[in-house]
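Enquirer: Please see the structure below; I have some questions.
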Amino acid sequence: MLEKPVIAFDIKYGPSDFIKNAKNGYLVENKDTTVMASKILELLNNKELANQFGIEGRKTIIALYEPQKLTSKWMNLLN
């Protein structure tokens, strides 16, 4: 995996399921391009933080979407 940090707009569906703000990425208020730009620059200028977010983000995705968990959810849904 690439372990890249993620910055996304906090919209109703999606990113907040796996981005934990300031833990493994940044969630920015929807359409706030000024804050989005500042967060992008922050991570471009702070390689250590960007790497930390990337590592934590990968851990989060693996924990949420590992095959055993997904299979279990499908089995519960279908039963």
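The values are calculated or read from the model by the stated rules, or taken from the named source; none is laboratory data. This is a predicted model, so every value here is computed, not measured. Please note: Cβ atoms are built from the backbone with ideal geometry, for glycine as well, and neighbour counts cover all protein chains shown. When the accessible area is computed, the model is the full protein with side chains, heavy atoms only, and any ligands, DNA or RNA have been set aside. Shrake-Rupley method; radii C 1.70, N 1.55, O 1.52, S 1.80 Å.
Enquirer: Among what's in segment 21-48 and is open to solvent by 90 Å² or more (accessible area, probe 1.4 Å) and either among the acidic types (Asp, Glu) or under 22 Å from residue 59 (Cβ atoms) (or both), pick the residue that is nearest to the chain's Cα centre (by Cα).
Expert: Checking each candidate, the answer is 23.
Enquirer: In addition: Conditions: (1) open to solvent by less than 70 Å² (accessible area, probe 1.4 Å); (2) touching a Gly at 6+ places or on another chain (Cβ under 8 Å); (3) on the phi > 0 side of the Ramachandran plot. Residue 8 meets all but one. Number of the miss?
Expert: (3)
Enquirer: On to the next question. Can you tell me which residue in segment 52-76 is farthest from residue 3 (Cα to Cα), limited to those that are open to solvent by less than 90 Å² (accessible area, probe 1.4 Å) and aliphatic (A, V, I, L, M)?
Expert: Here the answer is 70.
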